[in-house]
Structures are given as structure tokens and as C-alpha cells.
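Bear in mind these aren't lab numbers, they're just calculated from the coordinates by the rules spelled out. From a predicted model like this one, the values you see are computed outputs, not experimental measurements. Please note: Cβ atoms are built from the backbone with ideal geometry, for glycine as well, and neighbour counts cover all protein chains shown.
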Amino acid sequence: MSSNPPQTFDDVEGLKRLSSSCASIRQELSRVIVGQDAVIEQLLIALLAGGHCLLIGVPGLAKTLMISSLAKSLELEFSRIQFTPDLMPADITGTEVIQENRQQGSREFRFLRGPIFANIVLADEINRTPPKTQAALLEAMQERQVTVGGERHPLPSPFFVLATQNPIEQEGTYPLPEAQLDRFMFNVLVDYPSQSDELEIVLRTTSDAQTELASQLSGSELLQLTHLVRRIAITPQLALMATQIARLTRPTDEGASQLVRSCVRWGAGPRASQYLVLGAKARAALLGSPIVRREDIDAVAPAVLRHRLRLNFQAEAQGVSAVDIIKEVLEGVDQSLESSATRERISKVLRS
């Protein structure tokens with residue numbers, strides 16, 4: 001494989017500003033959120049990359065508090081939508097009402113905006129509402145707009161959907177369709193706190209102290225940082241490695257392992273390759289690096305891939321999880337890239 005040099009990155013001051021801003025946000029969040037450093041890092045990476053997040057964890061792990069606190073620290077308009085079985089699409093996007101113009105003696109339609117018109121939208125327990133209402137988010141998440149009554153209404157910029165889901169209660173829930181899951185950049189697992197963190201949580205939340213968060217970053221500044229992230233350098237080899245990681249999750253790919261062929265029904269699509277690269281760029285910028293490294297791709301791969309794999313009955317019978325598949329793919333990607341067929345295909349791509 002040829003060693004093409006990466007694109008250059010010349011905004012060193014911007015990178016320092018990004019790292020400093022994210023450090024300030026983390027410091028501010030630590031005033032109300034105990035622990036969960038990995039979760040906060042993944043949320044920041046997704047925001048810097050301009051992607052949406054799906055947070056999965058049992059009740060009581062401060063998922064909602066974490067998202068609302070993040071919005072406060074970013075000086076962004078925040079909106080919470082509590083998803084319920086009787087929620088209708090218009091309750092999210094908004095609706096048109098007839099308004100009377102008394103001066104002209106006429107009536108006209110007026111669009112009343114729904115809670116989706118915010119910078120950060122918390123879709124709380126998103127799997128508790130029927131597919132028709134879940135689908136109301138599809139256009140918003142992909143196109144950053146909603147269409148009501150045949151008229152398009154652009155959403156504020158920046159725009160992020162941060163959804164939560166309870167993995168325990170499945171009665172009366174509606175699993176998210178694959179098309180919507182694919183629009184979430186990250187699937188973030190929120191785990192139980194350590195005993196020392198849990199003790200601090202108890203001491204904090206049972207006292208009479210009130211904490212007010214200060215904004216550390218404006219919406220316009222965040223948009224500038226997302227553009228800076230996209231300018232982080234990455235070698236063609238690492239970009240191709242990201243595409244190969246996604247391809248190795250597909251049972252029909254010639255390089256797929258026996259485990260993938262026997263246990264995976266559907267693998268990750270091209271959007272996974274894009275998010276692997278974008279996530280790696282955002283993580284590199286977060287750590288102050290002007291160039292993506294291999295460990296950046298490895299670090300974001302589980303969050304990018306785990307909700308994009310559809311396992312079959314054989315995987316369930318054998319106790320194979322998406323985490324097992326991802327681990328094997330990451331361990332085998334280097335060997336896969338060294339195969340003669342893959343080397344030839346990569347050489348053609350690099351020459352073009």
C-alpha cells in the first residue's frame with residue numbers, strides 16, 4: 001500500500017480553542033454530572049462532528065440531566081419531547097392553524113412551530129411512541145428541515161437530536177426502524193456508576209445546594225468548530241481502513257469472517273464509514289491532534305457500529321453480540337487490508 005501524505009492542517013490556534021472550549025464544557029458539566037467521562041466524551045465528539053446520538057441505559061443514570069446540562073453549557077436552545085404512545089407527528093413538528101385577520105376580514109393559515117425547532121432536542125424514551133410519530137424525526141435528522149402542509153420549514157442551526165432509550169422495559173415499546181437507527185451517528189451505552197461515584201451522587205443530590213451552569217460556547221462558535229473538525233487531516237490509508245471496517249461487518253463481503261457470515265443478517269452501510277472518519281476526526285481534535293490516528297478510529301468504532309448490525313437467530317443461540325462482532329472486525333482489519341485482492345482494489349482507488 002502506498003504511503004500518500006495526509007492533507008495539511010494549518011489552523012493550530014483554532015485547534016487550541018477547540019480543546020480549551022471542550023475542557024471548559026467538561027469542567028462545567030462535572031459540577032452536576034458525576035463520572036460518566038466516556039459518555040460525555042462521546043457526546044462532545046458527536047456534537048463536534050454534527051451528528052445525532054442515541055443514549056441507552058437503565059433509568060436513573062442521569063441521561064436526561066446530562067443532555068439538558070450540555071445544552072446549558074453550550075448556550076443553545078433546548079427542547080425536551082417526552083415520547084408517549086399517544087404522541088402524534090404534529091406534536092413534534094408543529095401544525096397549521098387558521099388565523100383570522102380582522103383588519104382585512106380574511107383568514108389565513110399560520111404555522112405553529114413544534115418542539116423540534118430547537119438547537120438540541122431531547123427525544124426522551126424515543127421507543128415509547130409508534131412508528132408514525134418516530135418517522136416525524138426522519139426528515140428533521142437528515143435534512144435539517146420539516147415539511148408541513150407542503151411547505152418546508154428549515155430547522156435552527158446547529159441542530160442535534162439526542163435520544164434516550166430504556167433497554168429493560170420492552171412491553172408497550174416500538175423498536176426503532178433501521179432507517180432511523182442509521183441516522184444516529186453514535187449509539188452510546190450509559191452504564192452504572194462506580195461505588196465512589198454513586199456515593200458522591202447521593203451526597204450531592206440529597207443536599208440543599210443548587211448549581212447553575214454557565215454557558216461556555218455559543219451556537220455560532222460551535223458551528224465554526226464543526227467546520228474545523230472536518231479539516232482535520234487523515235491519510236488515505238486510514239480513510240480506507242474505515243471503509244474496510246464497515247465492509248467487514250457485511251456477510252456478503254468477500255473479506256467477511258466466518259463469524260460475520262454465520263451470525264450477521266445485515267451489516268453496516270456506507271454511512272458507518274462516513275461516521276467512522278468524522279468521529280475519528282472529532283476525537284483527534286478533542287485531544288488536540290491535527291491528524292487522525294489509528295486509535296481514534298478504534299475508539300469510535302463501537303459507538304458507530306453497534307446499532308448498525310442486525311444479528312440473526314444463530315447469533316442469539318450462540319450468545320454472540322454485536323460487541324463480539326465489532327471486536328473481531330477490528331482485530332482482523334489489518335490482515336484483511338494485506339490480502340492481494342484488497343491491495344489491488346485499494347491501489348486503484350489511490351491512483352484515481
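Observations on the structure shown:
- Cross-link partners of Lys16 among lysines, defined as those whose alpha carbon lies under 26 angstrom from its own and excluding same-chain residues fewer than eight positions apart: Lys72, Lys281.
- Distant-in-sequence amide H partners of Val292 (H built 1.01 Å from N, under 5 Å): Ala233, Ile234, Thr235
- Ordering Val190, Val264 from the fewest to the most neighbouring beta carbons within 10 Å gives Val190, Val264.
- Cα centroid separation - segment 96-132 against segment 51-94, whole Å: 18
- Within the chain, the percentage of alpha carbon pairs spaced more than 34 angstrom apart rounds to 32%.
- Long-range Cα-Cα pairs in segment 298-342 (distance over 16 Å), rounded percent: 46
- Of the GluC sites (Glu not before Pro) found in segment 18-110, the ones in coil according to DSSP and having at most 14 other Cβ atoms within 10 Å of their Cβ are Glu77.
- For segment 166-252: rounded, prolate or oblate by the Cα gyration tensor [a/c cutoff 1.5]: oblate
- Evaluated at q = 0.22 Å⁻¹, a Debye calculation over the C-alpha positions of segment 67-166 (equal weights, vacuum) places log10 I(q)/I(0) at -1.12.
- Charged side chains reduced to their Cβ positions (Lys and Arg at +1, Asp and Glu at -1) give the chain a dipole of some 1040 debye around its Cα centre.
- Residue among Gln42, Gly219, Pro167 farthest towards the positive dipole end of the chain, charges placed on Cβ: Gly219
- Comparing Thr252, Ser21, Val300 along the charge dipole axis of the chain, the residue lying farthest to the positive side is Thr252, per the Cβ-charge model.
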